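**Student:** Please see the structure below; I have some questions.
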Amino acid sequence: MTISTIKPALSVSAAELEDLDRRHLIHPHQRSQRTFRRVIVRGEGCTVWDAQGREFLDAIGGGIWVTQVGHGRRELAEAAARQTAELAHFTGFFEYANDKSILVAQRLAALAPGDINRVFLTCGGSEGVDTAIKIARLFHHHRGEPDRNWIIARHYGYHGATYGSGTATGIPDMQHAVGPNLPHVEKVMPPYPYRAEFYGGQDPTDFLIDELTRTIERIGAGNIAAMIGEPILGGGGVVVPPEDYWPRVRELLSAHGILLIADEVITAFGRTGAWFDSDKRGMAADIIVTAKGLTSGYAPLGAVLMRDEIGAIVADGEASFFHGHTYSGHPVACAVALANLDVLDNEGLLNRALAIGDWFRAGLAPAADLPAVGEIRVEGATAGIELVANRQTREPIAPDLALAVADELYETHGVITRNYGPTLVLSPPLVLDDRQARQTTSAIVEVLTRLDVEAGRIAPR
Ligand code: PLP
């Protein structure tokens with residue numbers, strides 16, 4: 001069921017919208033050289049339309065890995081409308097709560113692995129990561145180890161844009177010229193098997209466990225609160241760790257009393273075919289941060305899930321949890337989340353994510369031997385196609401050339417993807433069908449066939 005099949009009547013023309021945008025709206029990750037605008041005004045399933053009425057296939061989930069159940073779902077719109085009419089907002093501070101936030105917490109506790117039964121609601125991923133960092137530090141503080149405040153994060157990791165989550169992010173642009181950033185954050189390398197040069201010929205997991213052991217020794221286990229990591233790197237290029245990586249990291253952290261925070265903002269709620277990807281990778285996380293797919297982007301909501309013991313120590317007994325946001329547990333967002341989880345469940349979209357992975361693997365196979373393709377990584381309904389200037393040396397392609405590939409897909413094929421540095425990323429709604437998967441992959445193969453890395457351009461058709 002979809003909301004509407006007719007083009008919305010815009011009160012302002014497409015050209016005027018673009019002009020107003022340039023004058024007033026600052027975009028995240030704005031690049032001033034790119035003065036054109038892409039104004040998206042409607043969506044249905046995996047299709048979106050821009051202000052001029054042009055149709056696109058959304059292969060990146062609302063542009064930013066969110067739209068799990070697809071665009072234009074009447075169930076979610078109606079849940080939001082009903083809740084807005086019933087109770088648009090009342091705070092969750094102090095003893096107050098609203099029914100939908102309680103039901104979301106219950107639902108997440110039932111889905112989460114092990115003894116993860118306590119939930120703190122946020123408005124998104126960055127807030128969730130900041131919350132998780134505070135909770136980890138508080139946990140140790142209340143247990144009598146106030147010096148445990150270091151956070152270990154990883155290069156290439158993306159955790160958000162607030163000061164806490166932004167400092168934990170392993171992409172230097174996030175910290176450039178806005179410092180001082182959060183103190184007591186240390187970065188280690190992530191597993192990135194394609195980039196064997198990172199590990200000096202050693203097995204990546206052996207190298208990384210050795211590095212982590214030395215980092216813990218240097219900082220002192222008694223000074224470290226937690227390590228944070230995405231189960232698979234998302235914005236870092238859809239990089240999947242070797243099977244033994246997370247179990248061995250978990251074991252090492254446990255031996256030193258260090259908590260493990262799984263940042264599942266991208267991976268939770270079906271993206272890789274599971275409710276929680278960390279679970280299937282053996283992370284046995286103490287805290288799980290989620291957002292995006294929780295509402296499929298229909299309303300801003302995130303959830304920080306934690307083990308019973310952690311919840312009890314930071315929020316029960318003598319403790320008082322002095323943290324929260326006006327919109328923590330927003331009833332409309334929570335009503336949307338409940339409807340969204342129903343759709344994911346009732347329509348078997350976790351399994352569909354695995355089928356999408358199979359379609360992507362088959363459809364992208366013809367690109368594997370192209371000169372500019374370094375590695376194709378598919379994990380459920382997300383994929384990273386890492387582009388290189390030289391297959392032998394694995395020298396990365398210039399990011400602007402990877403951006404040119406995404407632009408060509410948009411302009412020539414009407415397929416929306418996104419490049420993260422040298423890697424072209426897919427993360428479509430989980431309602432993508434096999435025809436749409438083929439449309440996406442054949443467009444990519446076609447454009448990559450014309451990509452001439454030596455000339456630094458895409459040849460005309
Ligand atoms: N963590 C991960 C893994 C993410 O990919 C993102 C956003 O893309 C965030 C955290 C930050 O979430 P938000 O943009 O909702 O603040």
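**Student:** With 31 Å as the cut-off, how large is the P(r) tail for the chain, expressed as percent of Cα-Cα pairs?
**Tutor:** Value for the chain: 43 percent of Cα pairs lie more than 31 Å apart.
**Student:** Taking just the alpha carbons, could you work out the radius of gyration and Dmax for region 76-346, both in angstroms?
**Tutor:** Using the Cα atoms of region 76-346, the pair Rg, Dmax is 18.4, 61 Å.
**Student:** Report the net charge of residues surrounding Gln83, where surrounding means a beta-carbon distance below 11 angstrom and charges are Lys +1, Arg +1, Asp -1, Glu -1.
**Tutor:** -1
**Student:** Here's another thing I want to ask about it. Which whole-number percent gives the relative contact order of the chain, counting Cα pairs below 8 Å spaced six or more residues apart?
**Tutor:** Numbers: 936 pairs, mean separation 90.4, N = 461.
For the chain, the relative contact order is 20 percent.
**Student:** Once fully extended, how much extra length lies between Ile219 and Arg31, figured as 0.36 nm per residue of separation less the alpha-carbon to alpha-carbon distance?
**Tutor:** Values: separation 188, 0.36 × 188 = 67.68 nm, distance 3.81 nm.
Extending this stretch completely gives an extra 63.9 nm.
**Student:** While we're looking at this one, here's another question. If each residue of separation counts as 0.36 nm, what is the full-extension length gain between Glu454 and His176 once their alpha-carbon separation is subtracted?
**Tutor:** On the way: separation 278, 0.36 × 278 = 100.08 nm, distance 3.11 nm.
Full extension of this stretch gives 97.0 nm more.
**Student:** Could you list the residues of region 423-461 with an amide nitrogen less than 19 Å from a label point located 7 Å from the Cα of Glu395 in the Cα-to-C-beta direction?
**Tutor:** The answer is 423, 451-458, whose backbone nitrogens lie closer than 19 Å to the label point.
**Student:** Follow-up. What is the distance, in nm, between label points placed 7 Å from the Cα along the Cα-to-Cβ direction at Arg74 and at Ala365?
**Tutor:** Label-label distance for Arg74 and Ala365, simple model: 4.0 nm.
**Student:** Follow-up question, since we're still on this one. Net charge within 12 Å of Arg73 by Cβ-Cβ distance, Lys/Arg positive one each and Asp/Glu negative one each, not counting Arg73 itself?
**Tutor:** So the environment of Arg73 carries a net charge of -4.
**Student:** What FRET efficiency do you get for Ser11 and Glu186 if R0 is 41 Å and r is their Cβ-Cβ distance, rounded to the nearest 0.05?
**Tutor:** 0.20
**Student:** Okay, moving on. May I ask you to list the trypsin sites (Lys or Arg not before Pro) in region 91-145 that are in a DSSP loop and have at most 15 other Cβ atoms within 10 Å of their Cβ?
**Tutor:** Arg143
**Student:** Can you work out the FRET efficiency for the pair Ala85 and Gln106, with r the C-beta to C-beta distance and R0 = 25 Å, to the nearest 0.05? Please list the in-between numbers first.
**Tutor:** Details: r = 23 Å, r/R0 = 0.93.
Once rounded, the FRET efficiency stands at 0.60.
**Student:** Run the numbers on region 375-458 and let me know its relative contact order in percent, using alpha-carbon pairs under 8 Å that are six or more apart.
**Tutor:** Once divided by the residue count of region 375-458, the mean separation gives 29 percent.
**Student:** With +1 on the Cβ of every Lys and Arg and -1 on the Cβ of every Asp and Glu, and nothing else charged, how large is the dipole of the chain about its Cα centre, in debye rounded to the nearest 20?
**Tutor:** 720 debye
**Student:** How much length would be gained if the chain were fully extended between Asn346 and Arg22, taking 0.36 nm per residue of separation minus their Cα-Cα distance, in nm to one decimal?
**Tutor:** 112.4 nm
**Student:** What is the fewest-to-most order of Leu252, Leu409, Leu87 by other Cβ atoms lying within 10 Å of their Cβ? Spell out each step's value before the answer.
**Tutor:** Details: Leu252 17, Leu409 25, Leu87 13.
In order of increasing Cβ crowding within 10 Å: Leu87, Leu252, Leu409.
**Student:** Percent antiparallel among DSSP beta bridges with both residues in region 184-299, to the nearest 5?
**Tutor:** Bridges in region 184-299 that DSSP calls antiparallel: roughly 10 percent.
**Student:** If each DSSP helix of 4+ residues adds -39,500 (n - 2.57) and the sum is divided by the residues in the chain, what number results at 222 nm, nearest 500 deg cm²/dmol?
**Tutor:** -11000 deg cm²/dmol, from helical runs alone.
**Student:** All other residues with a Cβ under 14 Å from the Cβ of Trp359 taken together, and with Lys, Arg as +1 and Asp, Glu as -1, what is their net charge?
**Tutor:** Numbers: positive: Arg352, Arg361, Arg435, Arg438; negative: Asp358, Glu379, Asp433, Asp434.
For residues surrounding Trp359, the net value is 0.
**Student:** Follow-up question, since we're still on this one. Would you work out if region 154-233 is rounded, prolate or oblate? Take a ≥ b ≥ c from the square roots of the eigenvalues of the alpha-carbon gyration tensor; rounded if a/c is under 1.5, else prolate when a/b is larger than b/c, oblate otherwise.
**Tutor:** Numbers: a/c = 2.20, a/b = 1.34, b/c = 1.64.
The shape class here is oblate.
**Student:** Okay, next question. With just the Cα atoms defining each centre, how far is region 317-394 from region 183-217? Give it in Å.
**Tutor:** 24 Å
Every number in this text was worked out from the coordinates using simple rules, so none of it is lab data. Keep in mind that what you see is a predicted model, and the values were worked out from it rather than measured. Here the Cβ is made from the backbone with ideal geometry for all residues, glycine too, and neighbour counts use every protein chain on show.
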